[in-house]
1. Among (1) in a loop (DSSP other than H, G, I, E, B); (2) open to solvent by 70 Å² or more (accessible area, probe 1.4 Å); (3) modelled with pLDDT of 95 or more, where does residue 19 come up short?
2. So if I check each of 260, 239, 282, 332, which one is at pLDDT below 95 and either out of contact with any helix residue (DSSP H, G or I) (no Cβ under 7 Å at 6 or more places or on another chain) or assigned to a strand (DSSP E or B) (or both)?
3. Among the residues of the stretch 184-220, count how many are in a helix (DSSP H, G or I), surrounded by 18 or more Cβ atoms within 10 Å (Cβ to Cβ) and modelled with pLDDT of 95 or more.
4. For the stretch 301-323, which positions are closer than 21 Å to residue 349 by Cα, aliphatic (A, V, I, L, M) and open to solvent by 50 Å² or more (accessible area, probe 1.4 Å)?
5. Among the residues of the stretch 56-75 satisfying the criterion of being outside any loop (DSSP other than H, G, I, E, B) and within 17 Å of residue 124 (Cα to Cα), which is modelled with the lowest pLDDT?
6. Among the numbered conditions (1) in contact with a Pro (Cβ under 8 Å, 6 or more places away or on another chain); (2) open to solvent by 10 Å² or more (accessible area, probe 1.4 Å), tell me where residue 177 comes up short.
7. In this structure, does residue 272 turn out to be assigned to a helix (DSSP H, G or I) and of a type in the set (Val, Ile, Thr)?
8. Under 17 Å from residue 194 (Cα atoms) and more than 15 Å from the chain's Cα centre (by Cα), is that true of residue 325?
Amino acid sequence: MTKIATKAPFRADVVGSFLRPQVLKEARDNYQQGKISREDLRSIEDVEIAKLVEKQKEAGLQAVTDGEFRRKYWHADFIGGIEGIRTFEVEVPGFFQGEMKTLTSYTVESALRFPKDHPFLEDFRYLKSIAGEHLAKITIPGPNMIFHSGVVSSQPYLDNPSYPTLAAVAKDIAKVYQDAIQAFYNAGCRYLQFDDTSWGAFLGQKFREKIEANGWNIHELMKMFADITIEALANKPEDMVITLHVCRGNFKSSWLYEGDYEAISKQLFSRVPVDAFFLEFDDERSGDFTPLRYIQHQKVVLGLITSKAAELEDPEKIKERVAQATEYVDLDQLCLSPQCGFASTEEGNLITEEEQWAKVRHVVELAREIWDV
């Protein structure tokens, strides 16, 4: 019998976000129109998050999230709360196969600092208060989401850099995350996940060429990405699990990046000391499992179940793919999850709530069969 996973990530896990219920969407609209107060909106969010937590428990999950119900975006809400960040709206025609039209972007405008009263800390405290015996998991964007989108690919930053060197801004980004990790730990968090699309920019030739056209050396940049994450984790408490989800983009069931993990595998898998990687393997865009040969001690959560479409995957094919992954990583190091969240933005993917829960139950049932738990 395979050893039962008693520490996160679990054999059956989820990336974190869930479809927003209609009552929550209406409440956010009413708040934006000035019809209800911020306190009214938060009360409605509290109720819906509590319902969500119970549904996750009923589905058989061992860790629960708040579904990112208080956020507009999976990343910009957190990053916008960091001192030294300026956010602004941009038009993005053609983004996500034309599905996304505008985006909240951001740039590093002044010295960076993680505020002691960052709103996500209070959000986590509420989640922990209702999690009961289940493990409360919080998701935040990884440090390279600032370095990539707010520095090296940010024209406002490049036109008027607020730091003397890239090394200087990289150092402060790592310090922001050291402080964030400690703040979440002090709030009771023992399961924290970095979500990160910035690594995805290195996967496909089209985006690599775009980076190089802007004057950057791909290999030097990848090393900096790894170095920043390593430094961010330097003071991680021993009893805190931190994972990294390498995201390929997720908006209304569309995607952003394609290509296998080979380009980033050595820098990321063999160097970055997270406890586990959540990796997307739900379609041919992701390639095969060969890059997993660089995995060290970390667990790998195989994102073999798509969150982008309703159809349930053939159980035998999923079991076959898990078996293929064991050619590179021991079965005891593997777990199963959807490839991404169900609603990386408030719009959500193009499936129904019932289809979403069917996917979650599918993950749980498959994990029980594969690992005999």
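1. The one condition residue 19 does not meet is (2).
2. Details: 260 fails: either out of contact with any helix residue (DSSP H, G or I) (no Cβ under 7 Å at 6 or more places or on another chain) or assigned to a strand (DSSP E or B) (or both); 239 fails: at pLDDT below 95; 332 fails: at pLDDT below 95.
Of 260, 239, 282, 332, the one residue that is at pLDDT below 95 and either out of contact with any helix residue (DSSP H, G or I) (no Cβ under 7 Å at 6 or more places or on another chain) or assigned to a strand (DSSP E or B) (or both) is 282.
3. Summing the residues that are in a helix (DSSP H, G or I), surrounded by 18 or more Cβ atoms within 10 Å (Cβ to Cβ) and modelled with pLDDT of 95 or more in the stretch 184-220 gives 1.
4. Listed by number, the list holds a single entry, 312.
5. Filtering the stretch 56-75 for residues outside any loop (DSSP other than H, G, I, E, B) gives 56-59, 63-64, 67, 73.
Within this subset, residues satisfying the condition of being within 17 Å of residue 124 (Cα to Cα) are 56, 63-64, 67, 73.
Details: 56: 98, 63: 98, 64: 98, 67: 97, 73: 84.
Checking each candidate, the answer is 73.
6. Here residue 177 clears every test but (2).
7. So residue 272 fails the test.
8. Values: under 17 Å from residue 194 (Cα atoms): no; more than 15 Å from the chain's Cα centre (by Cα): yes.
Here the answer is no, as residue 325 does not meet what is asked.
The values are calculated or read from the model by the stated rules, or taken from the named source; none is laboratory data. Values in this document were obtained by computation on a predicted structure and should not be read as measured data. Counting neighbours? That spans all protein chains shown, and the Cβs are built from the backbone with ideal geometry, glycine included. The area values use the complete protein model at the heavy-atom level, side chains included, leaving out ligands, DNA and RNA. Shrake-Rupley method; radii C 1.70, N 1.55, O 1.52, S 1.80 Å.
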